1. Between Glu100 and Asp120, take the C-beta separation as r, use R0 = 41 Å, and let me know the FRET efficiency to the nearest 0.05.
2. Can you tell me how much longer the chain between Leu27 and Glu174 gets when fully stretched, taken as 0.36 nm per residue apart minus their C-alpha distance, in nm with one decimal?
3. If each residue of separation counts as 0.36 nm, what is the full-extension length gain between Arg81 and Thr44 once their alpha-carbon separation is subtracted?
4. Once amide H atoms are placed 1.01 Å from N in the peptide plane, what residues at a sequence separation of 5 or more from Ile48, or on another chain, have their amide H within under 5 Å of its amide H?
5. Within 10 Å of each residue's Cβ, count the other Cβ atoms and sort Val107, Val127 from fewest upward.
6. Stretch Ala88-Asp208 to full length: gain in nm at 0.36 nm per residue minus the Cα-Cα span?
7. Taking the Cβ of Ala45 as the center, what net charge do the other residues with Cβ under 14 Å away carry, scoring Lys and Arg +1 and Asp and Glu -1?
8. If I model a spin label as a point 7 Å beyond the Cα along the Cα-Cβ vector, how far apart are those points for Glu217 and Gln135 in nm?
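Bear in mind these aren't lab numbers, they're just calculated from the coordinates by the rules spelled out. Keep in mind that what you see is a predicted model, and the values were worked out from it rather than measured. Backbone-built Cβ (ideal geometry, glycine too); neighbour counts: all protein chains shown.
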Amino acid sequence: MTTTLPIAAEDQPANRCIVAVVDDCRLLCDALTLLLNQCPWVETAIGISSAEGMGRIADLRPHVVMFAPSNDGAAGEWTRRLAAAGWAGPTVAFSVEETETSVLACVELGVDGMLQRSGDLEELRAVVQRVLAGQTACSPGLGGVLLRRLGGGATTRGRAEPDPLRHITPREREVLELLERGWSNQQIARELCIEVRTVKNHVHHLLDKMQVSRRGEAAARLRALRDRRTLSLVIS
């Protein structure tokens, strides 16, 4: 049975928050939770391993879940499990390397905040408070990586490329969002209560309007657009 993890309005923190730190390195997990529990802006910080799973997070009812990205795909698995369990709160990736690969991997995971590997507790506090306010936030160094990465999206005259979504309809946008999740035409049809052939027509129009030839390319362009919008919320 799926464990649901709702965040009720009355559970939102006024000043102090409950933090869940997810990591299978017990030493790292214990050290970070020990530090966080000494911070005046933290009510409680608890370390959780993958073996303990969603049940522990459901019991804790945190305001934010933190994890460190890894090369073995563990972070991606955690975000998928959180989403499948109905997690409605924000996630923050900490100890993120200041490389394009690491930063974009976190963006792909859909995190709300990122703290660079050299970040301190004050930077972490700023990131957490921003995401709890419903914003996206990252350390300045990581914002610089995004700026350099997205700088290639401008024309030689310094003018930004047109928004690839400017001509799509609201229904096509819904289809695109589901395409990005990797859904099939049949799954999209069931979700939107429309015929499969209608989905195929929407996909055809999307590819044409976005000037791409494959569904995966359309999804990638949507993610790239989100990357650009992240820049406006970088911590200064």
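1. Computed FRET efficiency for Glu100 and Asp120: 0.95.
2. Gain on extension, Leu27 to Glu174, equals 48.6 nm.
3. 11.1 nm
4. The list, which skips near neighbours in sequence, is Val21, Val22, Asp23.
5. With the fewest neighbours first, Val107, Val127 line up as Val107, Val127.
6. 39.8 nm
7. +1
8. Label-label distance for Glu217 and Gln135, simple model: 3.7 nm.
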